[in-house]
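Chemist: Take a look at this one; I'll ask things after.
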Amino acid sequence: MDYWWITVVVTSIFLSAIILYRIIIRSNSSTIRSSIYRIRSPLPLGTLGWPFIGETIEFVSCAYSDQPERFMNRRCSMYGKVFKSHLFGSPTIVSIDAEVSRCILQSDSKTFVPFYPKSLTELMGKDSILLINGSLQKRIHGLIGAFFKSPHLKAQITRDMQNFVQKSMGNWREDHPIYIQDETKNIAFQVLVKALISLDPGEDMEFLKKQFQEFIAGLMSLPIKVPGSQLHRSLQAKKKMVKLVHKIIQEKRNSSTSSSISTVPKDVAEVLLNDTREQLTDDLLSDNMIDLMIPGEDSVPVLMTLAVKYLSDCPAALQQLTEENLKLKRLKDQLKEPLRWSDYLSLPFTQKVLTETLRMGNIIIGVMRKAMKDVKIKGHLIPKGWCAFVYFRSVHLDDNIYDCPYQFNPWRWQERDMSSCSFIPFGGGQRLCPGLDLARLEASIFLYHFVTQFRWVAEEDSIVNFPTVRMKKRMPVWVKRRRDS
Ligand code: HEM
């Protein structure tokens, strides 16, 4: 009786511990709890790491290092190609297995939806194609994809690309280094903005370029929105861009009602405006126009820059690619014909060089999805609410799939099939990149003009792989104009 209060204290501590445990579990992820109790199948092997931060720090520090595969390789040797972890605030099933990855990518939005870090979702806005799901995503994806595939747009991109490339290369001097990464960013951004909203070089383009730099810097920043933070600055820059894009969309709406004729759309904004099935709001249009500029500043210029880097390091490939492009140039000069988009894409070795660059470069390291229900793929369970991280890099650099995977070898594509599930630089399934043809076309045009007009010596530089792929020193090269072309 004397110790009744001890019983009360012990019982309350015990009950508080249970309540606290439930709160932590629920706040961390309500679904871990449900997964533990509801799911009978075992989870893939692996560890969730530290409370809250999980294994994020180790993943990020490896990704920044010159051996980004270390994180995956260590776990793969302990747990296999599908394992559990805790990354970017979420319990995650990581897949570096080509077939499991393909199944995840091909699932519909009832099974998986995209998952991005908070800063990215804040900046992209809720209407971004990268975030929306279901019929609206399919519709916008279809419209954009069809437009990017159209011969009409490819012809326009080819003309614009040739103009911007010639203008840029016309200013290159032999007595100071040319930064390929900067040059390609400038070219690809202008070409894409023209294809999206028909904006020509000038004051508005310069304004957009400046704001876009500020916007993109926040995509992988800390999710803190206070004045002075990167995310806040990026959101301000986005507001200014939205204002400009709204103005352009309004002008398009006005001119289409005044002429009341549905003409052939000349840019992506017009494709979406002309859509009669979905009433797309101005906010949705401008959010998407801005998000679609991201590959113009990032992925496409990186593809061109990496191709130059790998070619600089592989003289045999450079020689074969140069001969192929010079042959086409001489033929077209002889016939006095301009180059068409199909000419650029008809160069087989150049395409192999781009394929190999995409494999080795891993411009997008992978994609994350959130499971909407318990999913079992090849016997691996992905519980509802968990993330699935499809990590492309390890698939593309797997020595069971590719011989000497770290060696730049465009010739390997003579025998290989590009459409297999072990080559996924553009993702797959319903979210397969609609810009893949465009990316290849732009890179082919850039390479053609570069190798037919110049010889070059590249300065020592290295590839940084995280948070986005880029060259540490912006890929400086010393050029000499060719006399033999
Ligand atoms: C080398 C260049 C490029 C690479 C490596 C690349 C890669 C990717 C990847 C991996 C995805 C899939 C994302 C996911 O599954 O969540 C994707 C989606 C997308 N890409 Fe690209 N991309 C490139 C160029 C482009 C270009 C030029 C455009 C055109 C503006 C573009 C527009 C898009 C869009 C709109 C999506 C989202 C599709 C959807 O969710 O429905 N990309 N890209």
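Bear in mind these aren't lab numbers, they're just calculated from the coordinates by the rules spelled out. None of these values were measured; they are calculated from a predicted model. Neighbour counts run over all protein chains shown; Cβ positions are idealised from the backbone, glycine included.
Chemist: From the gyration tensor of the Cα coordinates in the range 340-466, what semi-axes in whole Å does the equivalent ellipsoid have, largest first, with each one equal to sqrt(5λ)?
Modeler: Details: eigenvalues 206, 57, 44 Å².
Semi-axes from the Cα gyration tensor: 32, 17, 15 Å.
Chemist: Looking at G89, V165, T305, which one has the Cα that reaches farthest to the positive end of the dipole of the chain (charges on Cβ: Lys, Arg +1; Asp, Glu -1)?
Modeler: Looking along the dipole axis, the top candidate is G89.
Chemist: Would you kindly state how much longer the chain becomes between T281 and R173 on full extension, computed as 0.36 nm times their sequence separation minus their alpha carbon distance, in nm to one decimal?
Modeler: Length gained, T281 through R173: 34.2 nm.
Chemist: In square nanometres and to one decimal, what's the mean projected area of the convex hull around the Cα atoms of the range 155-240? Mind dumping the intermediate values first?
Modeler: On the way: hull surface 29.0 nm².
For the range 155-240, the mean projected area of the Cα convex hull comes to 7.2 nm².
Chemist: Provide the FRET efficiency to the nearest 0.05 for the E415-L136 pair, computing r from the beta carbons and using R0 = 41 Å.
Modeler: On the way: r = 41 Å, r/R0 = 1.00.
Efficiency, rounded to the nearest 0.05: 0.50.
Chemist: I'd like to compare 470-483, 309-322: which one has the highest average count of other Cβ atoms within 10 Å, and what's the full order after that? Each step should come with its number before you reach the end.
Modeler: On the way: 470-483: 15.6, 309-322: 17.6.
So the order, starting with the most tightly packed, is 309-322, 470-483.
Chemist: I would also like to ask the following. Please list 190-203, 326-339 highest first by mean number of surrounding beta-carbon atoms within 10 Å per residue. Could the numbers behind the result be given before it?
Modeler: Working: 190-203: 18.8, 326-339: 12.1.
Put in order of decreasing packing, that is 190-203, 326-339.
Chemist: Rounded to the nearest 0.05, what FRET efficiency is calculated for E99 and R70 with R0 set to 25 Å and r the Cβ-Cβ distance?
Modeler: Numbers: r = 24 Å, r/R0 = 0.95.
That pair, E99 with R70, gives E of 0.60.
Chemist: How fast does the range 260-348 diffuse by Stokes-Einstein, in µm²/s, taking the Kirkwood radius from C-alpha pairs at 10 °C and 1.306 mPa s?
Modeler: Values: Rh = 17.1 Å.
Roughly 93 µm²/s, to the nearest whole number.
Chemist: If the cut-off is a Cα-Cα distance under 16 Å, which aspartates and glutamates reach K332, setting aside same-chain residues fewer than 8 apart in sequence?
Modeler: Hits, sequence-local ones excluded: E323, E324, D343, D484.
Chemist: Continuing with the same structure: Could you list, in their original order, any pairs among K138/K185; K194/K252; K149/K240; K154/K473; K118/K309 whose Cα atoms are separated by more than 22 Å? Mind dumping the intermediate values first?
Modeler: Values: K138/K185 29 Å; K194/K252 14 Å; K149/K240 31 Å; K154/K473 32 Å; K118/K309 33 Å.
Violating the 22 Å limit, Cα to Cα: K138/K185; K149/K240; K154/K473; K118/K309.
Chemist: Can I ask one more? Starting from the Cα gyration tensor of the range 339-391, multiply each eigenvalue by 5, take the square root, and state the resulting semi-axes largest first in whole Å. Numbers along the way, then the final one.
Modeler: On the way: eigenvalues 293, 27, 21 Å².
Over the Cα atoms of the range 339-391, the ellipsoid semi-axes are 38, 12, 10 Å.
Chemist: Something else about it: Can you work out the PRE-style zone for H232? Point 7 Å along Cα to Cβ, and I want the residues of the range 123-140 with backbone N under 17 Å.
Modeler: Only 123 fall inside the zone, counting backbone N under 17 Å.
Chemist: Over every pair of different alpha-carbon atoms in the range 168-319, take the mean of 1/r and invert it; report that Kirkwood radius in Å. Spell out each step's value before the answer.
Modeler: Values: mean 1/r = 0.0568 Å⁻¹.
This gives a value of 17.6 Å.
Chemist: Hey, another quick one. Net charge near E415, counting Lys/Arg +1 and Asp/Glu -1 over other residues with Cβ under 15 Å of its Cβ? Spell out each step's value before the answer.
Modeler: On the way: positive: K352, R359, R412, R416; negative: E356, D403, D417.
Residues near E415 contribute +1 overall.
Chemist: Helix by helix through the chain, keep the DSSP H runs that span 27 Å or more along the axis on Cα and average at least 0.0 on Kyte-Doolittle, and give those back in order.
Modeler: Working: long enough: 4-38 (38 Å, 0.91); 151-170 (28 Å, -0.78); 230-259 (43 Å, -0.95); 315-335 (30 Å, -0.79).
Both cut-offs are met by 4-38.
Chemist: In the chain, what is the volume of the convex hull around the alpha carbon atoms, normalised per residue and reported in Å³? Numbers along the way, then the final one.
Modeler: Values: hull volume 90.5 nm³, N = 485.
Dividing the Cα hull volume of the chain by its residue count gives 187 Å³.
Chemist: On to the next question. Suppose every K and R has +1 on its Cβ and every D and E has -1 on its Cβ; what is the size of the dipole of the range 134-481 about the Cα centre, in Debye to the nearest 20? Walk me through the numbers on the way to the answer.
Modeler: On the way: 49 positive and 39 negative charges, 122 e Å.
So the magnitude is around 580 debye.
Chemist: Rg/Rh for the range 393-453: what does it come to with C-alpha atoms and Rh from Kirkwood?
Modeler: Result: Rg/Rh = 1.02.
Chemist: Here's another thing I want to ask about it. How big, on average over all directions, is the shadow cast by the Cα convex hull of the range 58-154, in nm²? Write out the running numbers ahead of the final one.
Modeler: On the way: hull surface 35.5 nm².
Reported value for the Cα convex hull: 8.9 nm².
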